[in-house]
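Worksheet: the structure to be examined is printed underneath.
Just so it is clear, none of the values below were taken in a lab; they were calculated from the coordinates. Please read these numbers as outputs of a predicted model, since none were measured by experiment. Cβ: placed from backbone, ideal geometry, glycine included. Neighbour counts: every protein chain shown.
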Amino acid sequence: MSAPAAQPAPGAPVPADSTVRTPLLPIWLVVLMFLILYWGGIYFDENSGWFDSKIYGPYRSTEDLALYQPRHEGPDLGRGQVVFGQICALCHNPDGTGKPGQGPPFVGSEYVLGDPKRLIRIPLYGLNGTVQVAGKPYAGLSMGAMGATLSSEDLAAVLSYMRQSWGNKAEPVTAAQVDAIRKEVGTRGAFTPDELNAIK
Ligand code: HEC
């Protein structure tokens with residue numbers, strides 16, 4: 001018969017301190033927790049979209065989402081319509097037919113449909129003098145630089161919208177064309193119809 005294994009053999013030296021002392025939290029566990037937290041932070045930053053409600057799987061961030069948006073080719077006519085409604089429609093009417101005593105029409109206007117170099121100058125600098133639009137004179141009116149504070153993109157969008165609405169059909173205006181006029185003309189007051197008509 002053999003003795004139970006747990007029993008120390010009689011006469012064997014007893015360890016001086018037989019209780020096992022481990023620290024409450026091993027240091028490697030603390031380090032591991034920090035590493036996991038750190039990785040979690042990075043993972044959250046890259047994948048969460050920061051709680052934006054527009055971002056959900058499989059998309060991970062706004063940049064990710066932008067890759068899949070339909071590309072805008074050409075002018076932003078929707079934006080143009082909004083800005084038109086906010087500013088130009090006050091005097092030129094939302095349907096571009098003009099308002100008596102306030103603003104001449106855009107439908108069939110040779111300024112709207114004609115050379116962009118002429119058209120861009122009007123909202124950037126204003127117009128002063130009897131203007132002839134679609135065969136009718138509009139005397140005693142003047143327009144300030146109603147589009148001067150718009151960004152070139154927004155102004156290009158408005159003018160493109162005007163050139164392609166209410167039956168008007170003309171090439172869109174680009175922000176680069178607006179920039180070029182700003183650079184070429186610099187600062188000055190309103191143009192007269194004669195000055196505009198002399199532009200080649
Ligand atoms: C406060 C009223 C007012 C606002 C707002 C206004 N206009 Fe005018 N606009 C006029 C008047 C008045 C004339 C005619 C000026 C003249 O006879 O000298 C005119 C003339 C024009 C013309 C040339 C004539 C024509 O009918 O084609 C264009 C182009 C034009 N405006 C564009 C714009 C654009 C673009 C905006 C918005 C960014 C705008 N206007 C906002 C009053 C306004």
Revision key, fill the gap. Rg/Rh over Cα atoms for the stretch 27-66, Kirkwood Rh, comes to 1.20
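Name the longest site-free stretch of the chain, where the excluded sites are chymotrypsin sites (Phe, Trp or Tyr not before Pro) in a DSSP loop with no more than 12 other beta-carbon atoms within 10 Å.
Details: sites that count: Tyr56, Tyr68.
The longest uninterrupted stretch comes out as 69-200.
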Study note, to complete from the structure: the chain: relative contact order from alpha carbon pairs under 8 Å, six or more residues apart, as a whole percent, is 18
Review point. D for the stretch 107-200, whole µm²/s, Stokes-Einstein with Kirkwood Rh over alpha-carbon pairs at 4 °C and 1.567 mPa s: what number?
Key: 97
Review point. Mean projection of the alpha-carbon convex hull of the stretch 74-141 over all orientations, in nm²?
Key: 4.8
Check your understanding: Taking the Cα-to-Cβ direction at Lys200 and at Glu171 and moving 7 Å from each Cα, how far apart do the two end points lie in nm?
Key -> 1.9
Review point. Lys/Arg Cβ at +1, Asp/Glu Cβ at -1, dipole of the chain taken about the Cα centre: which of Pro10, Ser61, Met143 is farthest positive-ward?
Key: Met143
Review point. Any idea how far the Cα center of the stretch 181-200 sits from the one of the stretch 40-74, in Å?
Key: 45
Exercise for review: Identify the trypsin sites (Lys or Arg not before Pro) of the stretch 38-121 meeting these criteria: DSSP loop state and at most 11 other C-beta atoms within 10 Å of the C-beta.
Suggested key: Lys54, Arg71
Practice item. Using the 2.2 N^0.38 Å rule of thumb for compact globular proteins, work out how the chain stacks up: its C-alpha Rg over that value, please. Key: 2.24
